[in-house]
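S.K.: After the structure tokens below, expect a handful of questions from me.
The values are calculated or read from the model by the stated rules, or taken from the named source; none is laboratory data. Keep in mind that what you see is a predicted model, and the values were worked out from it rather than measured. Please note: Cβ atoms are built from the backbone with ideal geometry, for glycine as well, and neighbour counts cover all protein chains shown.
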Amino acid sequence: MTRLLVRYPASYEPERRYAIDVVLGTLLGLDHRAEPHDGAGAAIALEGAGDGRKVTVADGLFALPESEWLEPASLPGGPRPAAARVARRPDLDPYDTFDLIMDATESLGARSAFYFIAGRTAGRLDGDHDLRDPWVMGLVRRVAERGHEVGLHPSYGSFRDPAQVRRELERLLAAADELGVEQDEWGGRQHFLRWEAPTTWRAWADAGLAYDSSLGYADRVGFRSGTCHEHEVFDLRARRRLPLRERPLVVMEATLLERKYMGLGHEAAVETARRLRATCERFGGDFTLLWHNSYLLTAADRQAFRRVIA
């Protein structure tokens with residue numbers, strides 16, 4: 001089968017090869033071979049065609065000097081989302097809507113991922129429950145028994161602390177082992193979407209996590225990662241790929257509904273979410289939706305949730 005031959009400038013070789021592999025291989029599914037050359041731009045041709053036809057692309061990937069990489073002016077920014085509130089007594093807890101979520105996704109032949117906080121670095125910002133509380137342990141078991149995913153929700157202050165991420169993962173894995181919960185891989189999302197490049201990704205990779213799903217904005221829905229496809233991640237400071245995948249977050253319900261963010265009504269929120277979902281489907285990607293258990297208290301909340309995922 002014919003494959004593409006991509007020849008690219010020899011400078012910044014690991015960054016260029018990563019970008020080529022993600023765009024052509026991961027996102028577009030194209031068979032390709034890449035090699036450096038002495039030219040100024042990238043040249044794309046059919047390997048072995050012999051007719052001289054090629055597409056030349058100007059080199060615009062590295063317009064900024066290395067000294068400006070990851071500086072504030074070169075990076076997008078965004079505020080932090082609101083924390084979910086969780087009560088200590090499950091029998092009196094209006095936020096115990098986990099079975100509702102599982103029921104809804106199971107009815108569609110899908111499954112959900114539930115990320116658990118396993119450490120405390122910021123007091124009540126990390127909730128007022130503990131992973132070892134009997135009702136939380138029972139929830140972990142119930143999620144796994146119903147075939148859904150258990151994951152890690154690293155605490156508020158962990159995003160710049162690799163040792164803390166590792167400790168919290170180890171605590172979650174110890175609880176899972178005690179409950180007999182086994183999974184092929186473990187992933188999750190940072191609490192409050194607190195994330196810093198490349199610090200947080202490095203921490204996750206070093207801890208042995210398989211994927212992260214923190215890359216989304218709190219104040220606007222959409223494609224912060226530039227794609228709706230799961231992809232490898234790259235450490236720009238060390239100039240190397242990391243053994244970690246990013247599962248981009250496309251929509252968070254609080255972004256749509258809370259006044260401090262987009263402040264849409266339920267009907268407009270559903271329409272916006274479904275439009276983004278259609279875009280993901282159009283390009284064969286994944287519509288990653290974050291819907292907190294604390295945002296299913298009213299009939300309007302629950303109806304909106306069901307309409308978005310239906």
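S.K.: Can you tell me which residue is surrounded by the fewest Cβ atoms within 10 Å (Cβ to Cβ) among those in region 18-72 that are touching a Pro at 6+ places or on another chain (Cβ under 8 Å) and among the aliphatic types (A, V, I, L, M)?
M.R.: Applying the filter and picking the extreme gives ALA40.
S.K.: Output the number of the condition that VAL181 fails; it satisfies all remaining conditions of (1) surrounded by 19 or more Cβ atoms within 10 Å (Cβ to Cβ); (2) in a loop (DSSP other than H, G, I, E, B); (3) among the aliphatic types (A, V, I, L, M).
M.R.: (1)
S.K.: Look at ARG160 and say whether it is under 28 Å from GLU232 (Cα atoms) and either touching a Ser or Thr at 6+ places or on another chain (Cβ under 9 Å) or in a helix (DSSP H, G or I) (or both). Spell out how you get there, then give the answer.
M.R.: Details: under 28 Å from GLU232 (Cα atoms): yes; either touching a Ser or Thr at 6+ places or on another chain (Cβ under 9 Å) or in a helix (DSSP H, G or I) (or both): yes.
For ARG160, the condition - under 28 Å from GLU232 (Cα atoms) and either touching a Ser or Thr at 6+ places or on another chain (Cβ under 9 Å) or in a helix (DSSP H, G or I) (or both) - is met.
S.K.: For region 56-78, does any single residue satisfy the condition of being modelled with pLDDT of 85 or more and outside the structural domain of GLU178 (by TED's automatic domain parsing)? Break it down into steps so the answer makes sense when it comes.
M.R.: Taking region 56-78 as the starting set, the residues that turn out to be modelled with pLDDT of 85 or more are 56.
Keeping just the survivors that are outside the structural domain of GLU178 (by TED's automatic domain parsing) gives 56.
Within region 56-78, one or more residues are modelled with pLDDT of 85 or more and outside the structural domain of GLU178 (by TED's automatic domain parsing).
S.K.: Filter region 242-282 down to residues that are among the β-branched types (Val, Ile, Thr) and outside any loop (DSSP other than H, G, I, E, B) and give me whichever is surrounded by the most Cβ atoms within 10 Å (Cβ to Cβ).
M.R.: Step one: of region 242-282, the residues among the β-branched types (Val, Ile, Thr) are 250-251, 255, 270, 272, 279.
Next cut, outside any loop (DSSP other than H, G, I, E, B) only: 251, 255, 270, 272, 279.
Details: VAL251: 22, THR255: 27, VAL270: 19, THR272: 18, THR279: 15.
So, considering only residues that are among the β-branched types (Val, Ile, Thr) and outside any loop (DSSP other than H, G, I, E, B), the one surrounded by the most Cβ atoms within 10 Å (Cβ to Cβ) is THR255.
S.K.: Under 6 Å between Cβ atoms, which residue pairs at least 6 apart in sequence (or on different chains) link something in region 149-173 that is in the same structural domain as GLY123 (by TED's automatic domain parsing) with a partner that is among the acidic types (Asp, Glu) and surrounded by 18 or more Cβ atoms within 10 Å (Cβ to Cβ)?
M.R.: Partner pairs satisfying both residue conditions: PRO154/GLU168; SER155/ASP126; TYR156/ASP126.
S.K.: May I ask you to list the residues in region 195-222 that are hydrophobic (A, V, I, L, M, F, W, C), out of contact with any strand residue (DSSP E or B) (no Cβ under 6 Å at 6 or more places or on another chain) and either in the same structural domain as TYR18 (by TED's automatic domain parsing) or surrounded by fewer than 19 Cβ atoms within 10 Å (Cβ to Cβ) (or both)?
M.R.: Matches in region 195-222: ALA197 only.
Residues are listed down the side, and each one gets a yes or a no for (1) of a type outside the set (Val, Ile, Thr); (2) under 21 Å from ALA113 (Cα atoms); (3) touching a Pro at 6+ places or on another chain (Cβ under 9 Å); (4) not assigned by TED's automatic domain parsing to the domain that holds ALA113:
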position: ARG224; (1), (2), (3), (4): yes, yes, yes, no
position: ALA238; (1), (2), (3), (4): yes, no, yes, no
position: ARG247; (1), (2), (3), (4): yes, yes, no, no
position: ARG259; (1), (2), (3), (4): yes, no, no, no
position: ALA268; (1), (2), (3), (4): yes, no, no, no
